[in-house]
Each structure stands twice: as structure tokens, then as C-alpha cells.
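Asker: So that we are looking at the same thing, I have put the structure below in C-alpha cells.
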Amino acid sequence: QVQLVESGGGLVKAGDSLRLSCAASGRTFSSYNMGWFRQAPGKEREFVTTITWSGNKYYADSVKGRFTISRDNAKNTVYLQMNSLKPEDTAVYYCAAGPMYAEVLPRHYDYWGQGTQVTVSS
């Protein structure tokens, strides 16, 4: 069992930066692929980025070049650095943990955090 707790969301202006954190419980954090997803009101949950257990990274086209995912296995934490934020980035951001084949599809992830709100004003 893995428990995930996100933090770092907030209200910012367009062009600002935020860093989200996701702290995980459990001793097998390093073996999980870790993903960030987001869900805006009235929309489906969408893939943002994933970092695999081996350190490979994948990004949605909409955030490529602006967002960076990283992980610190010693701290059981995954981070999402978000730069040049846009109003369309406004959403609840969720952290997820999954097996080695989990990448862009939410259904491949086994554990989810409660989400943290990110609001970007224009």
C-alpha cells in the first residue's frame, strides 16, 4: 500500500512558477513509476508527466519545455516544477504511483493522492 500526499498548489499569475511536491509512504517508492495528472472543471483527467522507476521522463505536449518532473528516492518524494504558467494550466493536480508499465494512462496507476489546486489568473 502506498499513500500519496500532494502539496504546493496555490493561486498565481500567468507567467509565474510553482513547485508541487508529492510525498509517498512505503519502502518501495523507488520501484514505482510516478505520474502527475490534472483535471479541470468539466474535463476528464489528463496526463501531465511521468518519471519512471529508472528515471525516464515523459511529458504532455502542452507542458513540454515548461514543466519538469523529478524524484528524490531518499525522500520518497516526486516534484513537479511548473514554469511559465498559463491560465489553461488551472486544474486540480494529482500525483499517482504505478508499476513499470504505467505511463500516460490513468488506469495503469494503482495509487492516487487527494490532489492540490493550481489556479493561474490572467
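The values are calculated or read from the model by the stated rules, or taken from the named source; none is laboratory data. As the structure is a computational prediction, the values presented were derived from the model and not from experiment. Cβ coordinates were reconstructed from backbone atoms using ideal geometry, including for glycine residues, and neighbour counts include every protein chain displayed. Note: accessible area is taken over every heavy atom of the protein model, side chains too, but ligands, DNA and RNA are not part of it. Shrake-Rupley method; radii C 1.70, N 1.55, O 1.52, S 1.80 Å.
Asker: If I stretch the segment between residue 46 and residue 122 completely, what's the gain in nm (0.36 nm per residue apart, minus their alpha carbon distance), one decimal?
Answerer: Fully extending the segment from residue 46 to residue 122 adds 25.2 nm.
Asker: Find the accessible area per residue for the chain; the probe is 1.4 Å, ligands and nucleic acids are left out, and the unit is Å².
Answerer: 52 Å²
Asker: Further, regarding this structure: Got the relative contact order for the chain handy, in percent, Cα pairs under 8 Å and 6 or more residues apart? Write out the running numbers ahead of the final one.
Answerer: Working: 305 pairs, mean separation 44.5, N = 122.
Answer for the chain is 36 percent.
Asker: Could you work out which residue, out of 55, 65, 42, moves most in a Gaussian network model of the chain, that is, has the largest mean-square fluctuation with Cα springs under 10 Å?
Answerer: With Cα springs under 10 Å in the chain, the top fluctuation among 55, 65, 42 is at 42.
Asker: With springs only between Cα atoms under 10 Å apart, run a GNM on the chain and tell me which of 28, 68, 52 wobbles the most.
Answerer: Per the Cα network of the chain with a 10 Å cutoff, 28 tops the list.
Asker: Does anything in segment 1-36 have its amide N under 14 Å from the 7 Å Cα→Cβ label point of residue 83, and if so which residues?
Answerer: Counting backbone N atoms under 14 Å from the label point, the list is 15-19.
Asker: Can you tell which of 75, 43, 64 shows the greatest fluctuation in a Gaussian network model of the chain with Cα springs below 10 Å?
Answerer: Of 75, 43, 64, the Gaussian network model singles out 43 as fluctuating most.
Asker: Still on this structure, I have one more. For every other residue with a beta carbon closer than 14 angstrom to the beta carbon of residue 82, add +1 if it is Lys or Arg and -1 if Asp or Glu, then tell me the sum. Could you put the intermediate results ahead of the total?
Answerer: Working: positive: 13, 19, 38, 64, 66, 86; negative: 6, 16, 88, 89.
Around residue 82, the surrounding residues sum to +2.
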